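In what follows, a structure is listed as structure tokens, so that the remarks can point back to it.
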Amino acid sequence: FFWQEGNGKVSRVIRIGTRKSQLARIQTDSVADRLKELYPDVHLEIVAMSTIGDKILDTALSKVRVDLVVHSLKDLPTTLPPGFTIGAVLKRENPHDAVVLHPNNAGKTLETLPEKSVIGTSSLRRAAQLKKRFPHLEFRDIRGNLNTRLKKLDEKQDFAAIILAAAGLKRMGWENRISTILEPEDCMYAVGQGALAVEVRARDADILEMVSVLHDPETVLRCIAERAFLRRLEGGCSVPVAVHTQVKDSQLYLTGAVYSLDGSDSLKETMGSAAQVQRVGVTASKIPSDAQDRAERLGMELADLLLSKGAKEILTVARQLNDSR
């Protein structure tokens, strides 16, 4: 696609696909703004697409003829449909989970909420960790996008608090609703949480080249390790798998854990690997490939360690229990 400017100048049109939710739009616009700064001559067009669950993944780029789609990395499967790749992983926002209290409970924490208070979360990973840590609380499913969940919390008396990703709240400008950020000892985060990913066609070399400048090297290595860990465990949204990564003194550290649904059974280990600043479906040509290989190997080795200690059994039971709910 090309665009004729008023002055007769022709510029390339890049079409960016987005889901219709407010958060998806904000995330897509933030990537579009970065691209505009870097490539002032390119004309960007944002195409809103409706989605039925994750069906958008397979159909989006091929059917709607967009050049790229912006996703929350944690929503992207560790194996992408053939022909697609993650062309950029942007600098990670705070990856931790946040507690948002019902206005009546202002000033409280999960610790100090009364016995049998109901906490809303749609994530098995969050519920499994927090049940174990705060046995006096009850956990119930809450569905919908961020706006819907906050509305359900504020307008009814069903929930004492809900747990949401801090990154989404920050991007929506609702940071003031965060009462506590959960530290890894209370609740480790989801694979890729807090990072935005740009999905492109693997054969679109010029688009790949264009978005590759958005890569944040540290985030890329952390997320490659996390995604390799999850893929090796064959985890997905239906099982409680959690991670925590950090780069310290040019070492990449990955902590990973698997949980039973009620959190009573768990395995958790930490490993480190040397990290200098297409793996697990990520294409990052500007980042040293040996560093990416080591990050991927770290994820796989940590998964193998947990599998050798019985992670498969814990996950199988969790998956069966969850499927029967």
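The values are calculated or read from the model by the stated rules, or taken from the named source; none is laboratory data. All values derive from a computational prediction rather than experimental measurement. Here the Cβ positions follow ideal geometry from the backbone for every residue, glycine too, while neighbour counts run over all protein chains shown. To get the accessible areas, we keep the full protein, side chains included, count just its heavy atoms, and leave off ligands, DNA and RNA. Shrake-Rupley method; radii C 1.70, N 1.55, O 1.52, S 1.80 Å.
Odds and ends about this structure:
- Dividing the summed -39500 (n - 2.57) terms of all DSSP H runs of n ≥ 4 by the residue count of the chain sets its mean residue ellipticity at 222 nm at -10500 deg cm²/dmol.
- Residues whose amide H falls under 5 Å from that of Glu269, counting only those 5 or more places apart or on a different chain, are Gly256, with hydrogens built in the peptide plane.
- Peptides ranked, highest mean first, by Cβ atoms within 10 Å: ranges 194-204, 26-36: 194-204, 26-36
- Shape call, the range 72-173: gyration tensor on alpha carbons, a/c limit 1.5: prolate
- Across the range 19-32, computed HN-Hα scalar couplings (Karplus, 6.51 cos²θ - 1.76 cosθ + 1.60, θ = phi - 60°) run 6, 8, 5, 4, 5, 4, 5, 4, 5, 5, 4, 5, 6, 4 Hz from first to last residue, x flagging Gly and Pro.
- Point-to-point label distance, Leu305-Arg143, nm (Cα→Cβ direction, 7 Å offset): 3.8
- Straight Cα distances below 27 angstrom link Lys116 to the lysines Lys108, Lys131, Lys132, Lys151, Lys152, Lys156, with same-chain residues fewer than 8 positions distant left out.
- Hits among aspartates and glutamates - C-alpha to C-alpha of Lys312 under 19 Å, sequence gap 8 or more where chains match: Glu226, Glu234, Asp262, Asp265, Glu269, Glu301, Asp304, Asp323
- Near Leu196, the amide H atoms lying under 5 Å from its own belong to Leu73, Leu90, Glu93; only residues 5 or more places off or on other chains count, and H is placed 1.01 Å from N.
- Between the amide H of His215 and those of Val89, distances stay under 5 Å, these residues lying 5 or more places away or on another chain, with hydrogens modeled in the peptide plane.
- Solvent-accessible heavy-atom area per residue, rounded to whole Å², over the chain at 1.4 Å: 45
- Label corresponding to Rg/Rh (Cα atoms, Kirkwood Rh) when calculated from the structure given, among (i) 1.08; (ii) 0.95; (iii) 0.98: (iii)
- Local charge for Lys151 was computed over the other residues whose Cβ lies under 14 Å away, with Lys and Arg +1 and Asp and Glu -1, and equals +2.
- Coupling constants for the range 68-74 follow from the phi torsions by the Karplus curve (6.51 cos²θ - 1.76 cosθ + 1.60, θ = phi - 60°), and in residue order they are 8, 10, 9, 10, 6, 4, 5 Hz; glycine and proline get x.
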